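The values are calculated or read from the model by the stated rules, or taken from the named source; none is laboratory data. Here the structure is a predicted model, which is why all the values come from computation and not from measurement. Virtual Cβ from ideal backbone geometry, glycine too; neighbours counted across all protein chains shown.
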Amino acid sequence: MSDVVSIRDLGVTFATDGGDVRAVDGVSLTVSPGEILAIVGESGSGKSVTARTILGLLPDTAVTDGAVLLSDRTGQGAVDVLAISADELRRARGRDVAMVFQEPSTALNPVHTVGWQIIEGLRAHGRVSKKEGRAKAIDILRRVGIPDPETRVDHYPHQFSGGQKQRVVIAMALVLDPGLIVADEPTTALDVTVQAEILDLLRRCRDEFGAAVILITHNMGVVADLADRVAVMYRSRLVEQADVATLFASPKEEYTRNLLASVPKLGEGVAATVERAAVRTRARA
């Protein structure tokens, strides 16, 4: 099967009052089926802009060049996201690629039940009866760990905790069974315990649902525990990429070394993180 997404020499420029700003410059990346790729870097490095380009979620002020080849769910065909029409892009969203946003409270509509919002995604991609849509909404809520989904499907976002809201957002992303999930800082707004649960759910997106995952994060501990491969961005450019164990054990670029050195640590924290990454890589081999 071909790559789920292939980004080729991507450039993104924003027109501002102060002049053009090059947010992404010559980035090339691929994601294989079932792979978890982490894109890391400081704020403003271009990692989120790169990820949002895959879904065509850039503002009108953005000018793009290069290519973003997105595979369909079957892996038999691909489209260039930068070249297709708005209607084609809407059809690809949800069906071929879906996004989990950083702040679940703003990703959910407060005036509609979570069940309605999940069903609306189904309806946008084909005819589905009210009964069938409700059954699918209940099933996906159950699969992402929402207790008593038969009742909770009729609840509003404010009736859920922060971690449960993020589970609902992930359910919305998974309901159409896309080949790629883009998760943009999905645990930033959550406490540490809930973060671990959401990361485990993202791992299940790959293991149970068969989706590849692009994880946007600045947390290198998260990268060590979850990612298969890491791409490091700095000042709009891709400066290094490697499998997770190799990057933690022997980073080549000075910026990557500084990024790893900035991780808060107690005692042998860095060594433990490197070992976690190595053990997980051996387990998957």
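Numerical summary
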| quantity | calculated |
| --- | --- |
| Residue that is among the basic types (Lys, Arg), farther than 30 Å from His158 by Cα and touching a residue at least 40 places away in the same chain (Cβ under 8 Å), where the choices are Arg73, Arg52, Arg95 | Arg73 |
| Region 150-186: number of residues that are without any contact (Cβ under 8 Å) to a residue 24 or more places away in the chain, over 17 Å from Met99 (Cα atoms) and crowded, with 20+ Cβ neighbours inside 10 Å | 0 |
| Residue satisfying all of: in region 203-230; over 23 Å from Leu260 (Cα atoms), under 12 Å from the mean Cα position of the chain (by Cα) and not small (Gly, Ala, Ser); surrounded by the most Cβ atoms within 10 Å (Cβ to Cβ) among these | Cys205 |
| Which listed residue is over 21 Å from Pro251 (Cα atoms) and touching a residue at least 12 places away in the same chain (Cβ under 8 Å), from Ser6, Ser43 | Ser6 |
| Residue check for Val114: modelled with pLDDT of 95 or more and either touching a helix residue (DSSP H, G or I) at 6+ places or on another chain (Cβ under 9 Å) or more than 18 Å from Cys205 (Cα to Cα) (or both) | yes |
| Search result, residues across region 44-76 that are part of a strand (DSSP E or B), of a type in the set (Gly, Ala, Ser) and touching a Gly at 6+ places or on another chain (Cβ under 9 Å) | Gly66, Ser71 |
| Answer residue from region 231-259, given it is among the hydrophobic types (A, V, I, L, M, F, W, C) and surrounded by fewer than 19 Cβ atoms within 10 Å (Cβ to Cβ) and is farthest from Asp96 (Cα to Cα) among those | Ala249 |
| Region 201-221: number of residues that are closer than 23 Å to Val27 by Cα and either charged (D, E, K, R) or part of a helix (DSSP H, G or I) (or both) | 1 |
| Region 30-43: number of residues that are more than 17 Å from Leu58 (Cβ to Cβ) and not in a loop (DSSP other than H, G, I, E, B) | 6 |
| Lone unmet requirement of (1) surrounded by fewer than 19 Cβ atoms within 10 Å (Cβ to Cβ); (2) at pLDDT 95 or above; (3) over 17 Å from Gly11 (Cβ atoms) for Ala78 | (2) |
| Qualifying residues in region 187-244 (those that are free of Cβ contacts under 8 Å to residues at least 40 places away in the same chain, in contact with a strand residue (DSSP E or B) (Cβ under 9 Å, 6 or more places away or on another chain) and of a type in the set (Asp, Glu)) - the one nearest to Ala38 (Cα to Cα) | Asp243 |
| Single match in Ala271, Ala189 (criterion: at pLDDT below 90, of a type in the set (Gly, Ala, Ser), surrounded by fewer than 22 Cβ atoms within 10 Å (Cβ to Cβ) and assigned to a helix (DSSP H, G or I)) | Ala271 |
